[in-house]
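A.B. asks: Structure incoming, see below.
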Amino acid sequence: MSFQNLGLSDDVVHGVQSMGYIDPTPIQLRAIPLVLSGADIIGASQTGTGKTAAFALPILTKLAKHGGLRALILEPTRELAAQVETAFRDYSRFSNLRTVVIYGGVGYGKQLEELKRGTDILVATPGRLLDHMEQGNIDLGTIEHLVLDEADRMLDMGFMPDVRRIIEKCRKQRQTCLFSATMPPEIAGLCEWALKEPQSIEIGQRRSVAESVKHAIYPVAGTQKFELLLALLERTHYDSVLIFTRTKHAADRVASQLKALNHAVAVLHSNRSQNERLEALAGFRSGKYEVMVATDIAARGLDVSGISHVINYDVPQHPEDYVHRIGRTGRAEATGDAFTLMTADEAPDVASIERFIGQSIPRVKLENFAYVYSVVLDSTKSASAGAHNVRGGRAGKGYSFGVRRK
């Protein structure tokens, strides 16, 4: 099945093909006909499966030509909003449809200018959208297509009351598509309230880790965590590495230490200005930065291809965040590696992750690393130190590592 056979308009097919896409992904094959039919949708799929195109392409086909605000896409973060807007612009490049994005952290001037010019698709974060609505800049009474993207992340960030206020202002006769990696009770309740007889689409298990990602736990004493991180970086062949910390302070500290050792490092978290975020993402995509240190703001929806390794410097507190973090590598059937550094205090969080994903994660001890004893190292006694493959080598006896620098 090709894009031409899915009922999409010629302009949209031309747009998606001009970006180099040939065959639809599984979620696109299932979602596009349903969206074209007008059905409400609850969608879940693993990261990197082409979800944005699954709703963007049929919506653009149904809008057809410029005619006023009719589609609203809600996103939890500025980064996601900017990426989705870019996708809509690319897919609609051979039509006269317009897309505008609005989010916080920047001034209102340019956004007001774009809104006054008129738009067909509005991509927005909840807070800034409500600001514009209260100022009378936006009327949602004409919305025919509403997409709630990354709904569980909006819930985690406390946006659900705002989301409900926004939905109440949209026209009742509309198509609503909700995408969520997990389905907590609050999201299930939102679906019952906001969607009408929705069709469910699930590609892969919500709790599963992509089979193309090899992942392992590296137990270590808290005092040696950064030292072990350095050893992994120095002994691993990598193209690009995404390092996750729990806090913004930790992200800044780890990035500063890596920079002092001549690593090319970008930082991404909510305290960074919008210009700093955009520069970090652009530099990471281009290879200017070989390493990015980030908090969970980047765990979902980060549109960067070719991330060969993810390192959880801190174990995530929420099990579902582990799935999303390591989903940044091994995207769309590519292979990737994910390492998690675990101290004794973090062992209960790892146990929660293993229960969540329904599998145990191998414990690995790095050969020729001068470990300081910690009780957490006892968990590696029965594990083979050479059992875990990494790109270009093994974390075990008898294998050498090399360093790849941009």
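The values are calculated or read from the model by the stated rules, or taken from the named source; none is laboratory data. Quick caveat, the model's predicted, so the values are computed rather than measured. Ideal geometry is used to build each Cβ from the backbone, glycine not excepted, and the neighbour counts take in all protein chains shown.
Conditions tested, residue by residue: (1) closer than 28 Å to residue 198 by Cα; (2) out of contact with any helix residue (DSSP H, G or I) (no Cβ under 7 Å at 6 or more places or on another chain); (3) basic (Lys, Arg).
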position: 87; (1), (2), (3): yes, no, no
position: 94; (1), (2), (3): no, no, no
position: 99; (1), (2), (3): yes, no, no
position: 123; (1), (2), (3): yes, no, no
position: 126; (1), (2), (3): yes, no, no
position: 142; (1), (2), (3): yes, yes, no
position: 145; (1), (2), (3): yes, no, no
position: 156; (1), (2), (3): yes, yes, no
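A.B. asks: What pairs can you find where one residue is in the stretch 256-270 and over 13 Å from residue 242 (Cβ atoms), the other is aromatic (Phe, Trp, Tyr), and their Cβ atoms are less than 7 Å apart, with a gap of 6+ or different chains?
C.D. replies: Close Cβ pairs (under 7 Å, with a partner that is aromatic (Phe, Trp, Tyr)) amount to 257/226; 264/289.
A.B. asks: Based on what the data block shows, is residue 154 part of a helix (DSSP H, G or I), closer than 22 Å to residue 85 by Cβ and modelled with pLDDT of 95 or more? Break it down into steps so the answer makes sense when it comes.
C.D. replies: Values: part of a helix (DSSP H, G or I): yes; closer than 22 Å to residue 85 by Cβ: yes; modelled with pLDDT of 95 or more: no.
Judged against the criteria, residue 154 is not a match.
A.B. asks: Could you please let me know if residue 135 is out of contact with any strand residue (DSSP E or B) (no Cβ under 6 Å at 6 or more places or on another chain), outside the structural domain of residue 358 (by TED's automatic domain parsing) and over 30 Å from residue 338 (Cα atoms)? Don't jump to the end; show me each part of the working.
C.D. replies: Working: out of contact with any strand residue (DSSP E or B) (no Cβ under 6 Å at 6 or more places or on another chain): yes; outside the structural domain of residue 358 (by TED's automatic domain parsing): yes; over 30 Å from residue 338 (Cα atoms): yes.
Answer is yes for this residue.
A.B. asks: All but one of (1) small (Gly, Ala, Ser); (2) modelled with pLDDT under 85; (3) within 20 Å of residue 153 (Cβ to Cβ) hold for residue 280, so report the exception by its number.
C.D. replies: Just one mismatch for residue 280, condition (2).
A.B. asks: Name the residue, out of 153, 117, 165, 78, that is among the basic types (Lys, Arg) and within 15 Å of residue 178 (Cα to Cα). Working first, answer last.
C.D. replies: Values: 117 fails: within 15 Å of residue 178 (Cα to Cα); 165 fails: within 15 Å of residue 178 (Cα to Cα); 78 fails: within 15 Å of residue 178 (Cα to Cα).
Being among the basic types (Lys, Arg) and within 15 Å of residue 178 (Cα to Cα) holds for just one of 153, 117, 165, 78, which is 153.
A.B. asks: A further question follows. Quick test for you: out of 242, 195, pick the one residue that is buried (at least 22 other Cβ atoms within 10 Å of the Cβ) and touching a residue at least 60 places away in the same chain (Cβ under 8 Å). Steps first, please.
C.D. replies: Working: 195 fails: buried (at least 22 other Cβ atoms within 10 Å of the Cβ).
Of 242, 195, the one residue that is buried (at least 22 other Cβ atoms within 10 Å of the Cβ) and touching a residue at least 60 places away in the same chain (Cβ under 8 Å) is 242.
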